[in-house]
């Protein structure tokens, strides 16, 4: 009998522990995933509850009304119809970050912020007061961090890049590298929320859902790994124009630089070269060799410090996870990873966060979209509080060296990103030209920032099938930086 009682107590304690564990997991899930669950299209209760609330207005950082509501009296009561900005360019420029009333854009402000916009953040006293007074419930109004003028400018610049007339595809993200405030989050092709879509998956938000091979922009990560390793940081390399490595079939394959074959058909090499010069000219041989010397395990650890393989749980934005290839790989795969290929995938938002972290002495800030939430009675319910994303990508001294490397890419002779340079500003950056499996064309990329605490702007540009990052993405970065310097300091 005594043994039976002991077993019953043990089972009881185990059940209590499991119950507590379940409660702790529930609290964790509610804290981290609550807004995601609440705003999901599967929440049928939310769809019904919205009918009794006038959604709050949405403004850009300068107070420009992006979304409001028109109330119409009916025989059965009233209806609220969502209204958007008068300019079609502005509507199309902000539609992926704002979303639309039909919910065609996943996790736009209109859906992801439904808890605030439809008044579900209100306390019982507020709801009771509205009920007793007979007033129609109205949700909180949101002021976002984005600048609609900047977004419309970027829209026109990107659409002008298409020589064929077909809508370009890609994404642009611009943010304040000190606070994480997102100034632009744009996906192409876009669409007018009043008219609907078109070709090229316009409802898909490539800025936060699109996962791209980062190409040579990943050399920022590889360089950080080398600079963090005392055994490798001072080493020089020999570029012969081709580096050989075995793939999984045992076949020896060669890695070349883009455009490394001369008009005479011979390989162009960089010869003896150090890491800083290799970064400036984007030498594939050097970074493939560095990856092999580092080993896959060390490169993976550095990539994870930069946010690869992390489940991003941000307050205002849902971002797909960036991925690093599986372990136990061939030397060819590891070498290709060092230059930003071989299964690496990153979102444009994450690439912008990487550039911003380098600018911010190695500290990656959480991206933020909501500057203020104002209750229907005028009270300030929420205000942007900058928050680190719980990681430092590298030591501050390594981040400082990366900043110098990126400054060379834009400002030093022979740098691949010289077309991003802006007079009167110290622009730092890294170009990328990423091959797409099964396609002849390459994606053009650029990540960079203005190295000035008074103009703390970072960005990423990804343009699908547009070729060289230096010749296509870098000039667009130049235009965006110049626009902000001339017109947009108040947005910061």
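Data overview
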| quantity | calculated |
| --- | --- |
| Test: residue in region 85-96 that is free of Cβ contacts under 8 Å to residues at least 40 places away in the same chain, closer than 20 Å to residue 149 by Cβ and part of a loop (DSSP other than H, G, I, E, B) | yes |
| Qualifying residue in region 375-390 (condition: over 30 Å from residue 116 (Cα atoms) and under 16 Å from the mean Cα position of the chain (by Cα)) | no |
| Looking only at region 445-467, and only at residues there that are surrounded by fewer than 18 Cβ atoms within 10 Å (Cβ to Cβ) and touching a residue at least 40 places away in the same chain (Cβ under 8 Å), the one that is farthest from residue 367 (Cα to Cα) | 465 |
| Those residues of region 320-364 which are over 19 Å from the mean Cα position of the chain (by Cα), part of a loop (DSSP other than H, G, I, E, B) and buried (at least 24 other Cβ atoms within 10 Å of the Cβ), in sequence order | 339 |
| Residue within region 259-272 that is in contact (Cβ under 8 Å) with a residue 12 or more places away in the chain, more than 30 Å from residue 101 (Cβ to Cβ) and in contact with a helix residue (DSSP H, G or I) (Cβ under 6 Å, 6 or more places away or on another chain) present | no |
| Conditions (1) more than 23 Å from residue 347 (Cβ to Cβ); (2) in contact with a strand residue (DSSP E or B) (Cβ under 7 Å, 6 or more places away or on another chain); (3) surrounded by fewer than 24 Cβ atoms within 10 Å (Cβ to Cβ); (4) at pLDDT below 95; number of the one not met by residue 167 | (1) |
| Residue count, region 283-295 (criterion: out of contact with any strand residue (DSSP E or B) (no Cβ under 6 Å at 6 or more places or on another chain) and crowded, with 22+ Cβ neighbours inside 10 Å) | 4 |
| Count of residues meeting criterion [free of Cβ contacts under 8 Å to residues at least 12 places away in the same chain and under 19 Å from residue 154 (Cβ atoms)] in region 202-241 | 0 |
| Among the candidates 153, 237, residue that is touching a helix residue (DSSP H, G or I) at 6+ places or on another chain (Cβ under 8 Å), within 18 Å of residue 292 (Cβ to Cβ) and not in a loop (DSSP other than H, G, I, E, B) | 237 |
| Which numbered condition residue 301 misses (of (1) within 21 Å of residue 363 (Cβ to Cβ); (2) modelled with pLDDT of 95 or more; (3) surrounded by 19 or more Cβ atoms within 10 Å (Cβ to Cβ)) | (3) |
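The values are calculated or read from the model by the stated rules, or taken from the named source; none is laboratory data. These numbers were taken from a predicted model, which means no experiment stands behind them. Note that each Cβ is placed from the backbone with ideal geometry, even for glycine, and that neighbours are counted across all protein chains shown.
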